[in-house]
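To keep things clear, I will list the structure first and then write my remarks on it.
The values are calculated or read from the model by the stated rules, or taken from the named source; none is laboratory data. What you are looking at is a predicted structure, and each value in this text was computed from that prediction instead of being measured. Every residue, glycine as well, gets a Cβ built from its backbone with ideal geometry; the counts of neighbours run over all protein chains shown. These accessible areas exclude ligands, DNA and RNA; they are computed on the full protein's heavy atoms, side chains included. Shrake-Rupley method; radii C 1.70, N 1.55, O 1.52, S 1.80 Å.
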Amino acid sequence: MKRVLIWLLLPALGMGQSIGLKQFIEEAQKHNGQIRAKEIRITAKQKGVEAAESAFWPTVDIGGSFSKYSPHYIVSPGEETTGFAMLNLELYDGGRKSATLRAKGYEKEASLFEKQAFEKSVILQIVQHYYAIKGLEASLSALQERARELKTQIVRMKKFMITGLATQEELDKLLAVYENNRYTMENTRFAIETNRENLRLITGLPATQLGRDYFLEPEHVKFEWFDAIKILEANAKAVGENAKAIDAANMPQVVLSDTYFRSHFGDTMISGDGFLVGHQNELKLSVNMRIFDSGRTSKESEAVKYQKLALLSELEHARKQQRMNFKLARRNLQTTRTKMQSAKSALKAAESSYVTIKKKFEAGLVDDIAFLDALAQKTLAQARYKETVYDYEVKKSVYYYYAGKDPREFIR
């Protein structure tokens, strides 16, 4: 009986379980379609590397032919059936195959960095939606508290109207503020739902209940180049190797081949075919070197080298940009800390002021305008403080990102 009850309660327990930031990130890595696409591209690049490695091995070809001659010479057959097997090996190609293999390796390396860079950008998206939901839920909670207080005062005002201690105008003001607050609550709920759906799209998990994960306070963080820069470096190296592969066309090309022929002859006019060769082995060493192509090869190589120069220029700019963004992210952390302290002080002052004015309002010492203003200031201060707290977590993740780190390593 106990086992049955536990089994029935498991779905309910699962529904009430909160999901932490790390779990969202882990699920995105497993199920996000865009990340899987990056993994497939890495596999494709690996196949390109394997194909380039295979180019160093000799090739073996087989074939056959049938020929019929009409009319034909008396000393030649009218029919000839030939089969052959050919072994072909490039002894020297000017370094073309080696350069191509290195280029494919750099392309695969770039695709690995591209996947890592994309995963980190997905992490930032998850962090933004995660803390946006928490901030909006805090705002909604403050608005709900405000709605309850307004409802209490509306009931109180209606009682006063019966005894003539309040006017319809005073009641209408409270009702107008209450309805406006209700509209703001609906907008906040929609914003929460939007962020939840975006988080579900990225991770595949429902974002109904969030955990209490946070980022470690940045201390002694060592700067390193992030993956976007490593991608440019790998692509520049790949393009450089492609230029070498093109230049190899101007170098001597040495090929060794061994071909074995086997033939059968028919429709001969003389008896015996001893003068016809039925099988033959041909061993051939050929050397070829291009001495003129109207500059086509050199121009193709030059065009690729300019592509490398363009990538190196982008690389230099990307390095400067990362250093700038890292510096600004660190400064932004300091600014947000100051903002958080200010928001905390403002909340304390607003709550203290509200308590005082509420007592005076209920005693009839201040009007409804002063009360509504105090209530609005308290609600706003509560929302701003929570938003700043969660915004600070987002800023920490951005700081780690521009430091070249993986933000998930600093989640606690």
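The table that follows gives values for the structure above.
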read-out	value
Point-to-point label distance, E217-L309, nm (Cα→Cβ direction, 7 Å offset)	5.1 nm
The stretch 22-167, relative contact order [Cα under 8 Å, separation at least 6], %	25 percent
From the C-alpha gyration tensor of the stretch 222-301, square roots of 5λ in Å	55, 18, 10
Sum of -39500 (n - 2.57) over DSSP H runs of 4+, divided by residues of the chain (222 nm, nearest 500)	-24000 deg cm²/dmol
Full-stretch length increase - D267, A176 - with 0.36 nm per residue and alpha-carbon distance subtracted	21.7 nm
Stokes-Einstein D (µm²/s) once Rh is taken as the Kirkwood radius of the stretch 285-396 over alpha-carbon pairs, at 4 °C in 1.567 mPa s	65 µm²/s
Longest to shortest principal axis, alpha-carbon extents of the stretch 114-215, angstrom	73, 21, 18
Fraction in percent of alpha-carbon pairs per bin - 10 Å, the chain	4, 13, 15, 14, 13, 11, 8, 7, 5, 4, 2, 2, 1, 0
With eigenvalues of the C-alpha gyration tensor scaled by 5 and rooted, the stretch 64-143, Å	74, 21, 7
Net charge of Cβ neighbours under 15 Å - reference E119; Lys, Arg +1; Asp, Glu -1	+3
Convex hull volume of the stretch 177-243 per residue (C-alpha atoms, cubic angstrom)	214 Å³
Heavy atoms of V155: accessible area, 1.4 Å probe, square angstrom to 10	80 Å²
Per-residue SASA entry for F226, accessible area with 1.4 Å probe, Å² rounded to 10	30 Å²
Segment F84-T297, length gained on full extension (0.36 nm per residue, minus Cα span)	73.2 nm
Neighbourhood net charge (13 Å Cβ-Cβ; Lys/Arg +1, Asp/Glu -1) for I25	-2
Nearest-10 value in Å² for the accessible area of Y390, using the 1.4 Å probe	40 Å²
Residues whose placed amide H lies under 5 Å from that of L210, excluding near-sequence neighbours	I19
Spin-label zone in the stretch 176-203 - amide nitrogen under 18 Å from a point set 7 Å from the Cα of S121 along the C-beta vector	199, 201-203
Segment D373-Y183, length gained on full extension (0.36 nm per residue, minus Cα span)	66.6 nm
Candidate lysines for bridging to K45, where Cα separation is under 16 Å - those fewer than 8 sequence places away on the same chain excluded	K104, K108, K115, K237
Table column - 3J(HN,Hα) (Hz), the stretch 316-322, Karplus curve with 6.51, -1.76, 1.60, x for Gly and Pro	5, 5, 5, 5, 4, 5, 5
Virtual spin-label span in nm between S54 and W225, 7 Å along Cα→Cβ	3.3 nm
Amide H within-cut-off set for V366, under 5 Å, with H built and near neighbours excluded	F361
Stokes-Einstein D for the stretch 39-93, Kirkwood Rh over Cα pairs, 20 °C, 1.002 mPa s (µm²/s)	139 µm²/s
